């Protein structure tokens, strides 16, 4: 709890530890099947962010039965089930309540070797920072709600939000990744700061090297920035030094709240090129080097252009 890590880990034996996590939220897209996929992938992501393998999942459903047809719920659950199976896990039950607002997600259990748990507290000075997915899902979701998002932008955002954060085996070799977290509601800056504080380090990020979703910059420049992004900037303000040359629109995007965003890896510098190649080959085509762990410290971020 002290390091705001992504999931809980409980050692069962010298060889096996359980990973447990839960997440659910209201719809972020109109299509119910796609929403089910996104919510499931988002919940499962926290197991991957600890270096683990998901085993089982439980559905969590809040359903307004008087106003939403059962076919909608059926499609949401079908999307979730397909994503659970894609992750190599099993659905073993769940719970539903009648609610005024539709919500869906999962409680997920995974496993990991106790000596191979990856946390947000392991980053070391000299590590290079790799982000596996582009940012901008919050801005594009805001554009979608306002019916301003074009089909290309919407499709790209959905592809990112439904993509599992399963790391290739090259990334899970001992000593390759020192620190790991996934980018969700606190945005890239918020989760990077959690990693910096937990690890006792200073991070230097290059704003222009952060990959963006198509049209995300345009929509942010139009002011389609969700309220959560401003809360994220305020959360980081005391521990964030911004170079005067940083584009303010990019600053908004780096604070943009993500739904099933990418993983942020603090990797051994000698392994970074191989990791990037493996990630781009295994389902993360926009994986990018976005900065470095520039020193020890109480937990700060320096943002360069």
Within region 58-79, is even one residue under 25 Å from residue 11 (Cα atoms), in contact (Cβ under 8 Å) with a residue 12 or more places away in the chain and outside the structural domain of residue 194 (by TED's automatic domain parsing)? yes
Of (1) assigned to a helix (DSSP H, G or I); (2) in contact with a helix residue (DSSP H, G or I) (Cβ under 9 Å, 6 or more places away or on another chain), residue 85 fails just (2)
Assuming residue 124 fulfils every condition listed in (1) within 30 Å of residue 13 (Cβ to Cβ); (2) out of contact with any strand residue (DSSP E or B) (no Cβ under 8 Å at 6 or more places or on another chain); (3) assigned to a loop (DSSP other than H, G, I, E, B) apart from one, which condition is it? (2)
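Quick grid of which residues meet (1) touching a residue at least 12 places away in the same chain (Cβ under 8 Å); (2) over 19 Å from the mean Cα position of the chain (by Cα); (3) surrounded by 22 or more Cβ atoms within 10 Å (Cβ to Cβ):
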| site | (1), (2), (3) |
| --- | --- |
| 227 | no, no, no |
| 233 | yes, no, no |
| 241 | yes, yes, no |
| 246 | yes, yes, no |
| 257 | yes, no, yes |
| 271 | yes, yes, no |
| 282 | yes, no, no |
| 302 | yes, yes, no |
Does region 190-201 contain at least one residue that is surrounded by fewer than 16 Cβ atoms within 10 Å (Cβ to Cβ), modelled with pLDDT of 95 or more and not assigned by TED's automatic domain parsing to the domain that holds residue 43? yes
Screening 164, 180, 172 for residues that are in contact with a strand residue (DSSP E or B) (Cβ under 9 Å, 6 or more places away or on another chain) and either within 20 Å of residue 283 (Cβ to Cβ) or surrounded by 23 or more Cβ atoms within 10 Å (Cβ to Cβ) (or both) leaves only 180
Condition first: in contact (Cβ under 8 Å) with a residue 40 or more places away in the chain, part of a strand (DSSP E or B) and touching a strand residue (DSSP E or B) at 6+ places or on another chain (Cβ under 7 Å). Can you find one or more residues in region 135-144 that meet it? yes
Could you please give the count of residues in region 172-189 that are modelled with pLDDT under 95 and part of a helix (DSSP H, G or I)? 1
From the option list 111, 97, single residue qualifying as surrounded by fewer than 20 Cβ atoms within 10 Å (Cβ to Cβ), under 30 Å from residue 2 (Cβ atoms), in contact with a strand residue (DSSP E or B) (Cβ under 9 Å, 6 or more places away or on another chain) and modelled with pLDDT of 95 or more is 111
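From 221, 153, grab the single residue that is surrounded by fewer than 22 Cβ atoms within 10 Å (Cβ to Cβ), in contact with a helix residue (DSSP H, G or I) (Cβ under 8 Å, 6 or more places away or on another chain), within 30 Å of residue 27 (Cα to Cα) and without any contact (Cβ under 8 Å) to a residue 40 or more places away in the chain. Before you say what the answer is, go through the steps one by one.
On the way: 153 fails: without any contact (Cβ under 8 Å) to a residue 40 or more places away in the chain.
Selected residue: 221, the only one of 221, 153 that is surrounded by fewer than 22 Cβ atoms within 10 Å (Cβ to Cβ), in contact with a helix residue (DSSP H, G or I) (Cβ under 8 Å, 6 or more places away or on another chain), within 30 Å of residue 27 (Cα to Cα) and without any contact (Cβ under 8 Å) to a residue 40 or more places away in the chain.
With respect to residue 102, determine if the residue is farther than 30 Å from residue 198 by Cα and either modelled with pLDDT of 95 or more or in the same structural domain as residue 259 (by TED's automatic domain parsing) (or both).
Yes.
Inside region 8-35, can you point out the residues that are within 21 Å of residue 115 (Cβ to Cβ), in contact (Cβ under 8 Å) with a residue 60 or more places away in the chain and in a loop (DSSP other than H, G, I, E, B)?
Correct list: 14, 15, 16.
The values are calculated or read from the model by the stated rules, or taken from the named source; none is laboratory data. None of these values were measured; they are calculated from a predicted model. Counting neighbours? That spans all protein chains shown, and the Cβs are built from the backbone with ideal geometry, glycine included.
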